[in-house]
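Asks: Before anything else, here's the structure in question.
The values are calculated or read from the model by the stated rules, or taken from the named source; none is laboratory data. The structure displayed is predicted, hence computed values, not measured ones. Using ideal geometry, Cβ is built from the backbone for each residue, glycine included, and neighbour counts are taken over all protein chains shown. Just the protein is used for accessible areas: all its heavy atoms, side chains included, with ligands, DNA and RNA removed. Shrake-Rupley method; radii C 1.70, N 1.55, O 1.52, S 1.80 Å.
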Amino acid sequence: MNEFMEVAIDLSDDNFDKNYGGPFGACVVKDGKIIGKGINRVIKNNDPTAHAEIIAIRDACKNIKSYDLSGCEIYTSCYPCPMCLSAIIWANIKKVYYANTKEDAADIGFRDDYIYDYIEKLANNVQDKKVLKLKSMNREEAIKVFERYEEDKDKIIY
């Protein structure tokens, strides 16, 4: 077994015993070295965003003092949910290795499938109001801040 995947799986197993959240673990690797680890802490932290991949990304960023994880890989005990996939992309991680599938997660009660369906509908300009209602408002005021940002010579694009 790959040594980094073994770490991710061991983290998920350890987290199952602690009951901090679901049985998920992840680690971020750069240049053959683990720079961040995470376990699902949704229950422990009362934080629905505290998934293993998010925690591992936060840990890695803190450890290397950068928001940019270019050149890193992430090993996770399960296929990342849509939120985690987005965070992985925002972090500039280009390789994801996973063990369990999203179908395996659904089989034990994790309900990511309806989020994937919702995103697909949004991509086709169909709003599923049973899942989430989206309503635009006050753009005229908010766009002014974006316009100032666009003109800022010192902005940092991430």
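Asks: Relative to the longest principal Cα axis of the chain, at what angle does helix 113-123 sit, 0 to 90 degrees, rounded to 10?
Replies: So the inclination is approximately 30 degrees.
Asks: Could you give the distance between the Cα centres of region 100-158 and region 1-50, to the whole Å?
Replies: Computed from Cα coordinates, the inter-centre distance equals 25 Å.
Asks: Report the label-to-label distance for Lys33 and Glu73 in nanometres (one decimal), using points 7 Å from each Cα along the Cα→Cβ vector.
Replies: Modelled inter-label distance: 1.7 nm.
Asks: Can you give me the solvent accessible area of Asp17 with a 1.4 Å probe, rounded to the nearest 10 Å²?
Replies: 110 Å²
Asks: Starting from the amide H of Gly22, placed 1.01 Å from N in the peptide plane, find each other amide H under 5 Å away whose residue is 5 or more places distant or on another chain.
Replies: Val42, Ile43
Asks: Right, here's the next one. Mind putting a number on the dipole of the chain about its Cα centre? Charges go on the C-beta only, +1 for Lys and Arg and -1 for Asp and Glu, and I need it in Debye to the nearest 20.
Replies: My answer is approximately 540 debye.
Asks: Taking the solvent-accessible surface of protein heavy atoms with a 1.4 Å probe, what is the per residue accessible area of region 51-121 in Å²?
Replies: Heavy-atom SASA per residue in region 51-121 reads 57 Å².
Asks: For q = 0.14, 0.16 Å⁻¹, what log10 I(q)/I(0) does the chain give under the Debye formula with an equal point scatterer on each alpha carbon and no solvent?
Replies: -0.81, -0.97
Asks: Given a 1.4 Å probe and every protein chain left where it sits, what share in percent of the accessible area of the chain is carbon and sulfur?
Replies: In the chain, the share of accessible area belonging to carbon and sulfur is 53 percent.
Asks: Hey, another quick one. Once every Cα of region 1-92 carries one equal point scatterer and solvent is ignored, give the base-10 log of I(q)/I(0) from the Debye formula at q = 0.19, 0.20, 0.24 Å⁻¹, two decimals.
Replies: -0.77, -0.86, -1.20
Asks: Mind giving me the nanometre distance, one decimal, between the label points for Asp107 and Leu122, set 7 Å out from Cα along Cα→Cβ?
Replies: 2.9 nm
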